[in-house]
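The values are calculated or read from the model by the stated rules, or taken from the named source; none is laboratory data. Source: prediction; values computed, not measured. Neighbour counts are summed over all protein chains in view; Cβ atoms, including those assigned to glycine, are modelled from backbone coordinates with ideal geometry.
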Amino acid sequence: MPSIYVHIPFCKQKCTYCDFTSFPNKLNFAEAYMACLYREVKERGRMLAKKKFDTVYIGGGTPSIVDPKYILGLMRQIRASFALSPDAEVTIEMNPGTVTKEKIALYGRAGINRFSVGLQTANDALLAEIGRIHTVSDFIACADLLKGKNFSADVMLGLKGQTKEDVKATIDLVHKKGATHVSMYALTPEDGTPIYTDYLNGELPDEDEVAELYDYGRGLLKKYGYMRYEVSNFCMPGYGSRHNLNYWKRGEYIGLGVSASSFIDGKRFTNTFDLDEYMKCVLSGFFPVIESEDVSGEDAKFEFVMLAMRTVFGVSEKEYKRQFGSEWREDFAEAYERTKDYLEEKDGIVRIKDEYLYVQNRILTEYMKS
Ligand code: SF4
């Protein structure tokens, strides 16, 4: 079933590694932005009236920085405009430095039933180094407010001087505080971000060192009972993110808000990244789309394989045939030959062997050449 993604682009300050669409010091635009967002929700809902949606993900930016009344209003507008399943998974991203008891209570009234908390590391010096606005104590206070709720914590690898002890302290903490889900991902130094200079200066751990931290973290998470279901995502049994799983199954989704992208009826399209342009467009009665492409034929097949191979669920030969009418083994015969030592097969499912999942990009490059 399709998903809904909503982008809230405001942050208190910019983290040194961030290249997401997020605006520090523009919180005064929040009211106008949310009014435009409600309007976009309404219009898109009208257009997609025949589809039933199963998940909502409110991401950013820092959605928890805006007045929670806007999140309540947003969810009301979404429910009024889209056919949303009664048991929909509704997630909000939160920065631990912006959370209060009142906000969590209002999120509950809005029907939010999953929380994604950006911890990154349980090391205050490293948090300050990467420009996060919160401390480890803020995370602990936030996790205490979320006690007994379904929440995920982000753990970042590849920070300057990061050690296995840091990774252990971080994973120990998220486990102790009851996270049902952990996203553990490697920092990608993007050109144009302040951290890119550290990367060019050779101050960040290299690929092999990060892989070592990842293996170490993966072992710890396993010991605590978190199952890896995608290269960067781990969950307690039954707590996989339905929203993300829909992406990896190449399911449809509608993206709302500045910079949000969508995949509906075989078409991928993206909203403008410019805040003013977004608002002007919506207020003039247009969808703020800047790019759109039909994804079909070989591109669609490659997307299917690439997304499925990121997960432990792998490529279902039956599902591939149902969607494309051909055999994946024939369509990707050469790539399969080149990569078969890294793959395992059971009951019509082909997946990357556990020990190679972290280097899946290198394996998937072979499929791109097919
Ligand atoms: S909180 Fe997230 S979106 Fe905001 S600047 Fe930091 S990394 Fe970027």
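Among the residues making up segment 95-135, those that are more than 10 Å from the ligand (Cβ to nearest atom), crowded, with 19+ Cβ neighbours inside 10 Å and not in a helix (DSSP H, G or I) are 99, 110, 112, 114, 115, 116, 117, 119, 121, 122, 123. Considering segment 297-350, the qualifying helices (runs of 4 or more DSSP H), each wholly inside and each with 3 or more residues that are in contact with a Lys or Arg (Cβ under 9 Å, 6 or more places away or on another chain) and aliphatic (A, V, I, L, M), run over 297-309.
Do the conditions hold for residue 62, that is, is it within 14 Å of the ligand (Cβ to nearest atom), modelled with pLDDT of 95 or more and among the hydroxyl-bearing types (Ser, Thr, Tyr)? Yes.
Condition check ((1) surrounded by fewer than 19 Cβ atoms within 10 Å (Cβ to Cβ); (2) within 15 Å of the ligand (Cβ to nearest atom); (3) assigned to a helix (DSSP H, G or I)) across all residues:
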{"residue": "6", "(1), (2), (3)": "no, yes, no"}
{"residue": "13", "(1), (2), (3)": "yes, yes, no"}
{"residue": "17", "(1), (2), (3)": "no, yes, no"}
{"residue": "20", "(1), (2), (3)": "yes, yes, no"}
{"residue": "30", "(1), (2), (3)": "yes, yes, yes"}
{"residue": "36", "(1), (2), (3)": "no, no, yes"}
{"residue": "43", "(1), (2), (3)": "yes, no, yes"}
{"residue": "46", "(1), (2), (3)": "yes, no, yes"}
{"residue": "58", "(1), (2), (3)": "no, yes, no"}
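Within segment 204-221, residues that are in a helix (DSSP H, G or I) sit with their Cβ atoms under 6 Å from residues that are basic (Lys, Arg), at 6+ positions apart or across chains, in these pairs: 216/164. Beta carbons closer than 6 Å, at least 6 apart along the sequence or on distinct chains, pair a first residue in segment 91-103 that is charged (D, E, K, R) with a second that is within 16 Å of the ligand (Cβ to nearest atom) for 93/59; 93/60; 93/63; 93/116.
Within segment 223-249, the set of residues being under 17 Å from residue 59 (Cβ atoms) and of a type in the set (D, E, K, R) comprises 230, 242.
Here is a yes/no grid of residues against (1) within 18 Å of residue 231 (Cα to Cα); (2) of a type in the set (S, T, N, Q); (3) modelled with pLDDT under 90:
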residue	(1), (2), (3)
330	no, no, no
336	no, no, no
342	yes, no, no
351	yes, no, no
357	yes, no, yes
360	yes, yes, yes
369	no, no, yes
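Answer yes or no: is there a residue in segment 158-169 that is under 22 Å from residue 98 (Cα atoms), in contact with a Phe, Trp or Tyr (Cβ under 6 Å, 6 or more places away or on another chain) and surrounded by fewer than 20 Cβ atoms within 10 Å (Cβ to Cβ). Within segment 158-169, not a single residue is under 22 Å from residue 98 (Cα atoms), in contact with a Phe, Trp or Tyr (Cβ under 6 Å, 6 or more places away or on another chain) and surrounded by fewer than 20 Cβ atoms within 10 Å (Cβ to Cβ). Residues in segment 136-145 that are more than 16 Å from the ligand (Cβ to nearest atom) and crowded, with 21+ Cβ neighbours inside 10 Å: 143 only. Checking the structure you have, find out if any residue of segment 66-77 is surrounded by fewer than 20 Cβ atoms within 10 Å (Cβ to Cβ), touching a strand residue (DSSP E or B) at 6+ places or on another chain (Cβ under 6 Å) and either over 20 Å from residue 271 (Cα atoms) or outside the structural domain of residue 134 (by TED's automatic domain parsing) (or both). Scanning segment 66-77 turns up no residue that is surrounded by fewer than 20 Cβ atoms within 10 Å (Cβ to Cβ), touching a strand residue (DSSP E or B) at 6+ places or on another chain (Cβ under 6 Å) and either over 20 Å from residue 271 (Cα atoms) or outside the structural domain of residue 134 (by TED's automatic domain parsing) (or both).
Taking segment 256-292 as the range and being more than 17 Å from residue 32 (Cβ to Cβ) and either in a strand (DSSP E or B) or assigned by TED's automatic domain parsing to the domain that holds residue 55 (or both) as the test, the residues that pass are 261, 262, 263, 264, 267, 268, 269, 270, 289, 290, 291, 292. No other residue among 266, 240 is more than 20 Å from residue 356 (Cα to Cα) and crowded, with 17+ Cβ neighbours inside 10 Å apart from 240.
A single member of 253, 229, 239 is within 30 Å of residue 36 (Cβ to Cβ), aromatic (Phe, Trp, Tyr) and under 19 Å from the mean Cα position of the chain (by Cα), and it is 253.
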